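Notes follow the structure.
Please treat every number below as a calculation from the coordinates, not as lab data. All values reported here derive from a predicted model rather than from experimental measurement. Don't worry about glycine lacking a Cβ; one is built from the backbone with ideal geometry, like all the others, and counts go over all protein chains shown.
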Amino acid sequence: MADATDVDCVIHTHSKAGVAVAAMKDGLLPLSQHAQLFYGRVSYHDYHGLLAVGRSIPLAFSNLFNLQFACETQVLAMAGNAALSLPTAAVSEHTARLAVAPDAPFGTEWPGLLRKLDRIDPSYRT
């Protein structure tokens, strides 16, 4: 788990899926690979919403993107009102370890997203 010296960016949102999962008693379930990235690395507080951190803006954004996707997947899966199939703890732990490995590919999409935004509206840079 990261400590405060590992955090250079914090992003907080109140998306519908994020608030829904934050309000669930069991919180984020390891239903998808996206959710397993956060296995054993999620904390909760009394207010609802998502908060992601990273050693950089690209990494914090990547964490938030994956967390949001995990919440959307969970809300959709639970909407079917069927029994959920969860992976074993060993599978979730392995996937979570990959997410924090030094060579993990997270945050690499950031330059491409900035290029796309530059094409759409470069005024954000001023």
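In plain terms, the residue of H45, H34, H14 with the fewest other Cβ atoms within 10 Å comes first and the most crowded comes last, giving H45, H14, H34. Per the Debye calculation on the stretch 4-125 with a single equal scatterer at every Cα and no solvent contribution, log₁₀ I(q)/I(0) for q = 0.11, 0.13 Å⁻¹ amounts to -0.41, -0.57.
For the stretch 4-125, the Cβ-based charge dipole about the Cα centre amounts to some 200 debye (Lys, Arg positive; Asp, Glu negative; other atoms uncharged).
The string of couplings for the stretch 80-95 from the Karplus curve (6.51, -1.76, 1.60, θ = phi - 60°) is x, 6, 9, 4, 8, 9, 9, x, 5, 4, 4, 5, 5, 5, 4, 5 Hz, one whole number per residue in order, with x for Gly and Pro.
Relative contact order of the chain, taken over Cα pairs closer than 8 Å and 6 or more residues apart, is 31 percent.
Are there trypsin sites (Lys or Arg not before Pro) in the stretch 1-110 that DSSP marks as loop and that have at most 12 other Cβ atoms within 10 Å, and which are they?
K25
Computed from Cα atoms, the angle from the helix 110-120 axis to the main principal axis of the chain rounds to 60 degrees.
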